Amino acid sequence: MQQTSNLLSGRLAFQCKLKGTSGAPRWVATESGSGRRLVVALVSPAKAHSLAAATGVAQRHLAGVIEIIKTFDPSQLPKGIVAAPGAELALAEYVPGRTLAELSKEKVSPVKAVAFVLRLIEAVQALHERGAVHGCISPWSVVVEPEGRGIAPVLSQLVAPPIGAYCPPERLKGGPAAASDDVWALHATLYTALTGKQPFDAVEQDSLVKRMLVGRAAPLAESGLNEPALAEILTRGLVGEKRLRVVDLAELARTLDAWERSPQTLPARRPPAPRQAGRSVAELVSAGGARPEHLVVDARSLAADDGREEAAPIAAVAAAPPALAPPVAAPVVTDTGRQRALPPPLPPELSPAPQAASLSQLASQLPRQPTPPPLPIQPSMVARISKRLSFNPFERKRRIWPVVVVAAAAGGIGVYLAVATTQEAPAASAVPAQTAPAPAPKARAPEKAKRSASEERESCVRSHFPERKFEPSVDFAFVCEDGDFREVSHRLFSTVNQLPLADAPAGGAKPSAGGDLGWYELPATGIMRRACCASAPPVILPETPGWCEQLQSAVRQIADDSGRSGDLAPSARSFDKAVTCLFANHIARPYSYGGSPTPGQRAAFQRFLSLAAISEAKR
């Protein structure tokens with residue numbers, strides 16, 4: 001590769017920049033004397049301080065940080081790069097090769113993906129032992145086919161910026177960098193390797209944090225993977241609330257190692273997390289500080305080869321494309337036999353409006369271009385012609401002015417035909433046409449009065465129970481408030497079941513407070529909270545021991561699926577199986593419901609889902 005003459009303190013020769021516009025300015029440089037290739041990045045003092053702990057860490061799966069240069073001559077930087085005040089230079093080993101971001105489009109087999117992550121854990125563990133945090137782990141920083149190294153994968157540094165889905169919510173809200181950030185990133189990277197997708201996806205930072213805290217990643221089964229143990233590992237590592245999440249790197253290593261030994265065995269039960277005072281979603285999502293430096297929220301803005309080398313050196317000046325010469329004035333023979341030259345055609349934005357003229361006059365005014373001599377055909381020209389039309393502003397374009405001239409002529413012909421037709425139309429009609437009476441203006445429908453947020457909430461909740469008579473004094477504000485979700489669900493259905501039926505006689509008996517949904521009151525309340533509450537806390541339910549699916553996950557899944565078009569039967573069956581599993585394995589159940597779901601309760605829940613769908617359609 002061609003080297004430039006830019007030397008930093010006589011030591012580094014800059015070669016080329018890395019692809020991508022995100023993150024700090026980064027280049028590939030060759031160290032004079034040793035000849036090794038390095039990544040050089042301009043970083044802020046805060047970032048340089050965090051990288052200082054990683055300096056000198058050597059591990060076979062890690063591209064180590066070599067040095068932090070605090071003082072340098074800015075004039076020795078590549079042309080066009082200006083260093084911000086206080087900026088420092090970070091140097092790290094450069095390992096080119098195919099990244100996991102490129103490979104994950106094809107999906108990675110579970111065995112290979114787990115092997116990759118276990119080796120990445122070794123590299124991260126070496127950083128954590130030195131008190132350093134990587135902070136930018138993602139498929140773009142994992143080189144799975146390294147050039148010049150026999151062992152894969154390699155975790156690069158300084159090459160990729162932090163990416164939203166691979167940062168935990170507390171880091172996105174501005175919290176300080178921590179070792180638990182890397183544990184989240186490894187879970188998210190494993191998820192992407194298996195599915196080819198991000199676990200969470202959003203364009204804005206606040207929306208991404210809310211999805212992490214309220215929702216959950218799509219199950220592996222949706223990507224055609226029947227791996228319940230891996231699904232459980234990922235669920236534990238991608239929980240929005242940190243107190244419920246796996247944050248220990250050693251625990252992740254143990255579970256993945258156990259999966260390699262016995263893929264069908266579910267991981268052991270985790271001890272229950274300490275209960276925490278409830279907080280609203282606004283408090284959970286609100287930022288507590290500055291977001292990570294150079295954060296890329298939407299990974300779709302990154303190309304798969306982001307961080308790879310550019311084709312040309314950064315300091316090399318690309319040859320400018322030849323300017324288009326103005327068309328040569330063609331001689332025109334007049335009726336006197338003398339020749340005169342027409343001026344070159346004006347650009348479209350300066351051309352006068354076309355006048356009505358005959359077809360022969362328009363044709364005579366078109367400049368006749370001399371036939372250019374044939375050009376020798378080169379292979380590169382054939383390749384360029386075979387490409388489809390590009391809208392890249394940096395790509396050289398073909399000459400388009402002949403097309404503009406022809407288009408202008410065609411436009412003039414169209415104007416001529418239109419004018420000629422309108423001039424002949426009055427003569428063809430001897431009797432003026434009778435003007436039709438103008439239609440009477442329609443009366444505008446009265447606008448509906450806008451309802452307040454509380455009125456919208458009350459109307460929404462009540463629409464799920466059309467068979468009940470509601471009094472104005474009934475208030476369902478508690479559905480959207482924080483608190484024990486079991487109590488919220490019980491209070492909601494106790495209130496509704498105490499209301500008389502719409503078709504019951506006055507003074508008739510009221511239904512019992514027990515209701516007929518049983519366990520299905522939990523997902524029903526979750527559905528109403530999602531549909532009727534503008535901002536509501538996430539569903540939090542007690543964690544049960546054993547390997548049965550957690551009811552909290554099942555309820556959240558039903559609520560999330562109710563907001564999408566599709567069949568809710570799979571997620572409803574998942575909840576049913578989770579409850580049945582608790583009874584079948586005699587697991588303690590901190591709920592007031594007596595027995596397992598009955599066929600009558602399932603039928604009642606199916607009717608509720610139908611009413612919920614009708615309510616959703618009317619809003």
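Between D484 and S596, the simple spin-label model (points 7 angstrom out along Cα→Cβ) gives 2.6 nm. Cα-Cα over 19 Å: which of K450/K618; K105/K197; K173/K242; K107/K577? Cα-Cα > 19 Å for K107/K577; rest within. Treating r as the C-beta distance of K577 and K197 and R0 as 30 Å, the FRET efficiency rounds to 0.75. FRET efficiency for the D248 to V82 pair, using the beta carbon distance and R₀ = 35 Å, is estimated at 0.25. Among K469, K242, the order by Cβ neighbours within 10 angstrom, fewest to most, reads K469, K242. A Förster radius of 56 Å, combined with the Cβ-Cβ distance separating K618 from A303, puts the computed FRET efficiency at roughly 0.80.
Counting charges near P199 (Lys, Arg +1; Asp, Glu -1) among other residues having Cβ under 11 Å from its Cβ returns a value of +2. Here H128, H294, H187, H586 are placed in order of increasing Cβ neighbour count within 10 Å, fewest first, which gives H586, H294, H128, H187.
Can you tally the net charge around R254? Count Lys and Arg as +1, Asp and Glu as -1, for every other residue whose Cβ sits under 15 Å from the Cβ of R254.
-2
Inter-label distance, L611 to S459: 1.9 nm, where each label sits 7 Å from its Cα along the C-beta direction. Subtracting the Cα-Cα distance of R589 and S32 from their residue separation scaled by 0.36 nm leaves 193.7 nm.
Other residues within the sphere of radius under 13 Å centred on the Cβ of K70, judged by their own Cβ, net out at -2 (K and R +1, D and E -1). Expressed as a fraction of 2.2 N^0.38 Å, the value expected for a compact globular protein of N residues, the C-alpha radius of gyration of the range 7-301 is 1.02. Determine the shape class of the range 453-618: with a ≥ b ≥ c the square roots of the Cα gyration tensor eigenvalues, call it rounded for a/c under 1.5, and otherwise prolate if a/b is greater than b/c, oblate otherwise. Prolate.
Rule-based calculations on the coordinates, nothing more; no lab input. The structure displayed is predicted, hence computed values, not measured ones. Neighbour counts are summed over all protein chains in view; Cβ atoms, including those assigned to glycine, are modelled from backbone coordinates with ideal geometry.
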